[in-house]
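S.K.: To start, I am sharing the structure in question, which I have written as structure tokens.
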Amino acid sequence: MIATFLRRLLWVIMLILVQGLILNRVNVMGYATPMIYIYFLTDFAKGSNRSALLLWGFVIGLLADFFTNTPGIAAASCTLVAFVQPNFLNVFAPRDSADDFHPSLKSMGFGSYFRYLLTLTFIFQSLYYLLEVFSLTHPEDIYINIVGGTLFTVVLMMAIASMRKEK
Amino acid sequence: MKNLLLFLQKYNYWFLFLLLEVCSFILLFQYNRYQGSVYFTSANAVCGYINNLQSQVTSYFSLKEINSKLTEQNIQLNLEVSQLRSQLDALRDSSTISPEMKSVLDTCRTVPASVISMTQDRKNNFLTINKGSSDGIRPEMGVVGGSGLVGVVFETTTHYSLVLPLLNTRSSISCRIRNRGYLGNLKWDGDETRYAMLEDVPRHAYFRKGDYVETSGYSKTFPAGILAGRIVAVYDSEDGMSYQLKVKLSTDFELLRDVQVLQTSNDMELNTLQDRVKKLQEERQ
């Protein structure tokens, strides 16, 4: 229990530091900024406590907000992702998976895992940019931001996933 | 009753979800409306410390560019000094600087600071500097860089301040066209970081491309005459009632590192008033 908590806390700190120190400054062509910290939310196993997942989502979003001066935006988006993550995991996981199924590149296969990450990242980025811009005067800008950010983030998350060793 | 309790137990995460979303939105909207949530920004102690460490490391990487820019600026300033000196020599007998103006310039103290974090790719950018209320910085003070206008202090903590730069769609600074006097509001349209728009310039205004745009001095934040940029293009406003001038900003935010905070605020008025009283007393004696 405590080991799980500490492991998660370590992930949060690591991802937030990588985001705040490096990735916030990455800005491909003026549009695509990767937001790697939602990898943490995609990593929860099937059957995890949904309330705990929501709280983790809120906290990691709020921490990310500190670095970008956007209080509430990432927090709201991460909470939404934490809310829908179990449902999408059910959709993309193999049908005969165990009750404590852990999503990963190996356990789901490249195709399913990629689509799983893509869906969650797309939901996150859409809400994030809609809240940030908070108007629809330049919709084409928002679309490019959302699509660019989503693709970049998913590629980075796939890279992390392929580097992790399976237990 | 039992069914209701079971229902609540099974779906309690729905309520938690709604609660957390409401919290996020309260944060989002409060921040826009009030200026009280400074601890939820990069000016808070922990983020400020981390950003400061990082900027100490990364500041070495841009030294070369900054050096060449400083040299360039030095040459320009030297040229300007020699020009001004020759102008001054011509005007020596009837100096145009009034004593009041001089006392205003003397009372305008500055605090040097370094930029420790900055965004440029958003619609509402902020930058954080490493001086705060303990260095005498208050919200609404003006911030200038080596080559011109930067922005206005938005929030302060003890050791750090959050600055609302020109590159923020919420920022609006009263400016005029140098030597012509026509006023307008300098705003950023959220597009290119090197350009801003001078809006609400009257239809009858007379100016040319390449004219300089400077602060008007009609607010307490900036004294008059601080360079903002040069006019590069002229458009009509949407309602056709005024001009919109595209201004190339003199500050390159990509390279911005060292800034000065202008401690104008009330001290300036107070000091000029005091000087006037002194002068009156001297005259009476």
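S.K.: Cβ contacts < 8 Å: first residue in contact (Cβ under 8 Å) with a residue 60 or more places away in the chain, restricted to segment A:86-106; second residue assigned to a helix (DSSP H, G or I), any location; separation 6+ or different chain. Result?
M.R.: A:Pro103/A:Thr42; A:Pro103/A:Leu89; A:Pro103/A:Phe92; A:Pro103/A:Tyr113; A:Pro103/A:Tyr116; A:Ser104/A:Tyr113; A:Ser104/A:Ala161
S.K.: So B:Lys64 clears everything in (1) modelled with pLDDT of 80 or more; (2) surrounded by fewer than 16 Cβ atoms within 10 Å (Cβ to Cβ); (3) away from every other protein chain (no Cβ under 14 Å) except one condition, right? Which one?
M.R.: (1) is the only condition that B:Lys64 fails.
S.K.: Hey, can you tell me all the residues within segment B:233-248 that are within 21 Å of the chain's Cα centre (by Cα) and either more than 15 Å from B:Arg180 (Cα to Cα) or of a type in the set (Ser, Thr, Tyr) (or both)?
M.R.: B:Gln244, B:Lys246, B:Val247, B:Lys248
S.K.: It is to be established whether one or more residues within segment A:97-110 are part of a helix (DSSP H, G or I), surrounded by fewer than 20 Cβ atoms within 10 Å (Cβ to Cβ), modelled with pLDDT of 90 or more and more than 9 Å from chain B (Cβ to nearest Cβ).
M.R.: no
One line per residue, one yes/no per condition, for (1) under 16 Å from the mean Cα position of the chain (by Cα); (2) surrounded by fewer than 21 Cβ atoms within 10 Å (Cβ to Cβ):
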site: A:Phe5; (1), (2): no, yes
site: A:Ile13; (1), (2): yes, yes
site: A:Gln19; (1), (2): yes, no
site: A:Val26; (1), (2): no, yes
site: A:Gly30; (1), (2): no, yes
site: A:Trp56; (1), (2): yes, no
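S.K.: Now, a different point. Taking segment B:113-136, which residues are in contact with a strand residue (DSSP E or B) (Cβ under 6 Å, 6 or more places away or on another chain) and within 14 Å of chain A (Cβ to nearest Cβ)?
M.R.: Matches in segment B:113-136: B:Val115, B:Ile116, B:Ser117, B:Met118, B:Asn124, B:Asn125, B:Phe126, B:Leu127, B:Thr128, B:Ile129.
S.K.: In segment A:67-85, which residues are closer than 18 Å to A:Gly20 by Cβ and without any contact (Cβ under 8 Å) to a residue 40 or more places away in the chain?
M.R.: Selection gives A:Asn69, A:Pro71, A:Ala75.
S.K.: Let me ask something else about it. Scan (1) at pLDDT below 80; (2) within 23 Å of the chain's Cα centre (by Cα); (3) outside any helix (DSSP H, G or I) for the single condition B:Val111 breaks and write down its number.
M.R.: Of the numbered conditions (1) at pLDDT below 80; (2) within 23 Å of the chain's Cα centre (by Cα); (3) outside any helix (DSSP H, G or I), the odd one out for B:Val111 is (1).
S.K.: Taking the condition of being polar (S, T, N, Q), within 13 Å of another protein chain (Cβ to nearest Cβ) and touching a residue at least 12 places away in the same chain (Cβ under 8 Å), how many residues in segment B:44-61 meet it?
M.R.: Number satisfying all stated conditions: 5.
S.K.: Still on this structure, please answer the following. List every residue pair whose Cβ atoms sit under 8 Å apart, with the two residues 6 or more apart in sequence or on different chains, where the first one lies in segment B:5-29 and is under 13 Å from A:Leu62 (Cβ atoms) and the second, anywhere, is of a type outside the set (A, V, I, L, M, F, W, C) and in a helix (DSSP H, G or I).
M.R.: B:Leu20/A:Gly57; B:Leu20/A:Thr79; B:Glu21/A:Thr79; B:Ser24/A:Gly61; B:Ser24/A:Thr79; B:Leu27/A:Asp65
S.K.: Moving to a separate point now. For segment B:60-87, which residues satisfy the criterion of being outside any helix (DSSP H, G or I) and either hydroxyl-bearing (Ser, Thr, Tyr) or touching a Phe, Trp or Tyr at 6+ places or on another chain (Cβ under 8 Å) (or both)?
M.R.: B:Tyr60, B:Ser62
S.K.: Now a separate question. If a residue has to be more than 27 Å from B:Phe29 (Cβ to Cβ), surrounded by 20 or more Cβ atoms within 10 Å (Cβ to Cβ) and within 11 Å of chain B (Cβ to nearest Cβ) to count, how many in segment A:32-54 make the cut?
M.R.: Here the count works out to 1.
S.K.: Name the single residue, out of those in segment B:149-190 being of a type in the set (D, E, K, R) and more than 15 Å from B:Leu245 (Cα to Cα), that is surrounded by the fewest Cβ atoms within 10 Å (Cβ to Cβ).
M.R.: My answer is B:Arg170.
S.K.: Let me ask you something else. Out of all the residues in segment B:204-218, which are free of Cβ contacts under 8 Å to residues at least 24 places away in the same chain and within 18 Å of the chain's Cα centre (by Cα)?
M.R.: B:Gly217
S.K.: Being out of contact with any helix residue (DSSP H, G or I) (no Cβ under 6 Å at 6 or more places or on another chain), buried (at least 24 other Cβ atoms within 10 Å of the Cβ) and either facing chain B (nearest Cβ under 8 Å) or not hydroxyl-bearing (Ser, Thr, Tyr) (or both), is that true of even one residue in segment A:76-89?
M.R.: No; the residues of segment A:76-89 include none that is out of contact with any helix residue (DSSP H, G or I) (no Cβ under 6 Å at 6 or more places or on another chain), buried (at least 24 other Cβ atoms within 10 Å of the Cβ) and either facing chain B (nearest Cβ under 8 Å) or not hydroxyl-bearing (Ser, Thr, Tyr) (or both).
S.K.: For A:Phe5, indicate whether it is within 8 Å of chain B (Cβ to nearest Cβ) and more than 19 Å from B:Leu18 (Cα to Cα).
M.R.: no
S.K.: Could you please tell me which pairs satisfy a Cβ distance under 8 Å, a separation of 6+ or placement on different chains, a first residue in segment A:1-12 that is at pLDDT 90 or above, and a second residue that is among the charged types (D, E, K, R)?
M.R.: A:Trp11/A:Asp43
The values are calculated or read from the model by the stated rules, or taken from the named source; none is laboratory data. Keep in mind that what you see is a predicted model, and the values were worked out from it rather than measured. Note: ideal-geometry Cβ built from the backbone for every residue, glycine included; neighbour counts use all protein chains shown.
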